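Novice: I'd like to ask you about the structure that follows.
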Amino acid sequence: MKIILATHNRDKEKELQNSLQGINVEICSLFDFPEIGDIEETGTTLLENSLLKARTVFNITGIPTIADDTGLEVDFLDGAPGVYSARYAGNNVSYQDNVNKLLIELDGVPREKRKAKFRTVVTYIDKNDELWTEGHIDGIISENIIGDGGFGYDPIFFVPHIGKTFAELSSAEKNKISHRGIALQKLRKILINVLK
């Protein structure tokens, strides 16, 4: 069986593929379907965007599809950047641009007010099912960039019970505890039953 990962983000694609290892499926991504361009995320929630991407790809290809949407929610900023996390500093910007904007907005804000949550919604669609799972992890936005691994906001997302930012963790360590990892672990259990 073939499953499409509905993303043009190579970093996300890698995390999704790693989480699905061992399931008897052929994984492909939107890079294998150049006729499917960027899918505009017009939803106002993570679930809406995840469903939008999965439905769009499935409707075009007829191939079971997994999509996700992720948001970083900072308490001090009333949940921002949230659903706009990937384009917080504007469209077609780098990870670093988004990180810099967030650090500037939190400049001078004390540690106890820098609480944040990463949330991911992962959706699976095939001809019979439309399923979704969610994962989240609480953390703190650090005052500086720490670590050189990961991607996106990883260098400033500090996980207190680990004592490190996501960027200081190996991919395997991050995938065990991260918002996306948790959502994908839940989806993996569902897929094993769906694919029987």
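All of the numbers you see were taken from the coordinates with simple rules; none came from a lab. Quantities reported herein were computed from a predicted structural model and do not represent experimental measurements. Every residue, glycine as well, gets a Cβ built from its backbone with ideal geometry; the counts of neighbours run over all protein chains shown.
Novice: Dividing the Cα convex hull volume of the chain by residue count, how many Å³ per residue is that? Mind dumping the intermediate values first?
Specialist: Working: hull volume 21.2 nm³, N = 196.
Taking only Cα atoms, the chain has a hull volume of 108 Å³ per residue.
Novice: What's the angle, to the nearest 10 degrees (0 to 90), between helix 179-194's Cα axis and the longest principal axis of the chain?
Specialist: It is inclined by approximately 20 degrees.
Novice: Sorting check: for 34-43, 130-139, which peptide has the highest mean count of neighbouring beta carbons within 10 Å, and how do the rest follow?
Specialist: Numbers: 34-43: 11.5, 130-139: 18.2.
So the order, starting with the most tightly packed, is 130-139, 34-43.
Novice: Check cross-link reach from LYS117 to the aspartates and glutamates: straight Cα distance under 15 Å, and skip same-chain residues fewer than eight apart.
Specialist: Within reach: ASP69, GLU73, ASP75, ASP78, GLU134, ASP138, ASP154.
Novice: Taking amide H positions as placed in the peptide plane 1.01 Å from N, state which residues far from ALA116 in sequence (5 or more) or on other chains have amide H under 5 Å from it.
Specialist: ASP75, GLY139, ILE140, ILE141
Novice: Another question about this same structure. Which whole-number percent gives the relative contact order of region 2-194, counting Cα pairs below 8 Å spaced six or more residues apart? Intermediate results must be reported in sequence, preceding the final value.
Specialist: On the way: 365 pairs, mean separation 36.1, N = 193.
Computed over region 2-194, the figure is 19 percent.
Novice: Could you tell me how many degrees, from 0 to 90 and to the nearest 10, lie between the Cα long axis of helix 10-19 and the main elongation axis, the longest principal axis, of the Cα atoms of the chain?
Specialist: Once rounded, one gets 70 degrees.
Novice: Expected output is a single nm value to one decimal: the length gained when fully extending between ARG87 and LYS186, i.e. 0.36 nm times separation in residues minus the C-alpha distance. What is it?
Specialist: 32.9 nm
Novice: Among the aspartates and glutamates, select those whose C-alpha is under 17 Å from the C-alpha of LYS196, and discard any that sit fewer than 8 residues away in the same chain.
Specialist: LYS196 reaches GLU26, ASP126, ASP129, GLU130.
Novice: Still on this structure, please answer the following. From the backbone phi of region 80-88, what are the Karplus-calculated ³J(HN,Hα) couplings (6.51 cos²θ - 1.76 cosθ + 1.60, θ = phi - 60°) in whole Hz, Gly and Pro given as x?
Specialist: Those phi angles translate into 6, x, x, 5, 9, 3, 6, 10, 4 Hz.
Novice: So, one more: Enumerate the amide H contacts of THR7 below 5 Å, restricted to partners 5 or more residues apart or on another chain; note that Pro and chain-start residues carry no placed amide H.
Specialist: For THR7, whose amide H was placed from the backbone, the distant partners under 5 Å are LEU30.
Novice: If you average the C-alpha positions of region 85-105 and of region 153-196 separately, how far apart do those two centres end up, in angstrom?
Specialist: Between the Cα centres of region 85-105 and region 153-196 lies a distance of 22 Å.
Novice: Follow-up question, since we're still on this one. Order of 46-55, 14-23, 85-94 by packing, highest average Cβ count within 10 Å first?
Specialist: On the way: 46-55: 21.3, 14-23: 15.6, 85-94: 14.0.
Packing proxy ranking, top to bottom: 46-55, 14-23, 85-94.
Novice: Moving to a separate point now. Which far-off residues, 5 or more places away or on another chain, put their amide H under 5 Å from the one on GLY79, with H placed in the peptide plane?
Specialist: It is VAL74, by chain and number.
Novice: How far, in nm, would the chain grow between ASP78 and ILE23 when pulled straight, counting 0.36 nm per residue and subtracting the alpha carbon separation?
Specialist: Numbers: separation 55, 0.36 × 55 = 19.80 nm, distance 3.89 nm.
Stretched fully, the ASP78-ILE23 segment lengthens by 15.9 nm.
Novice: What ³J(HN,Hα) values, in whole Hz, does the Karplus curve 6.51 cos²θ - 1.76 cosθ + 1.60 give for region 22-38 when θ = phi - 60°, with x put for Gly and Pro?
Specialist: Result, rounded to whole Hz: x, 8, 6, 9, 9, 9, 9, 10, 5, 5, 7, 10, x, 5, 8, x, 5.
Novice: Follow-up. In nm, to one decimal, how far is the TYR95 label point from the MET1 one, both placed 7 Å along Cα→Cβ?
Specialist: For the pair TYR95/MET1, the computed spacing is 3.1 nm.
Novice: When the label point is put 7 Å from the Cα of GLU143 along its Cα-to-beta-carbon vector, which residues of region 77-111 have a backbone N closer than 14 Å?
Specialist: Counting backbone N atoms under 14 Å from the label point, the list is 103-104, 106-111.
Novice: Show that you can apply the helix-only estimate: for the chain, add -39,500 (n - 2.57) for every DSSP H stretch of four or more residues, divide by all residues, and state [θ] at 222 nm to the nearest 500.
Specialist: Working: 5 runs with 60 residues, N = 196.
After summing the helix terms and dividing by the residues of the chain, the value is -9500 deg cm²/dmol.
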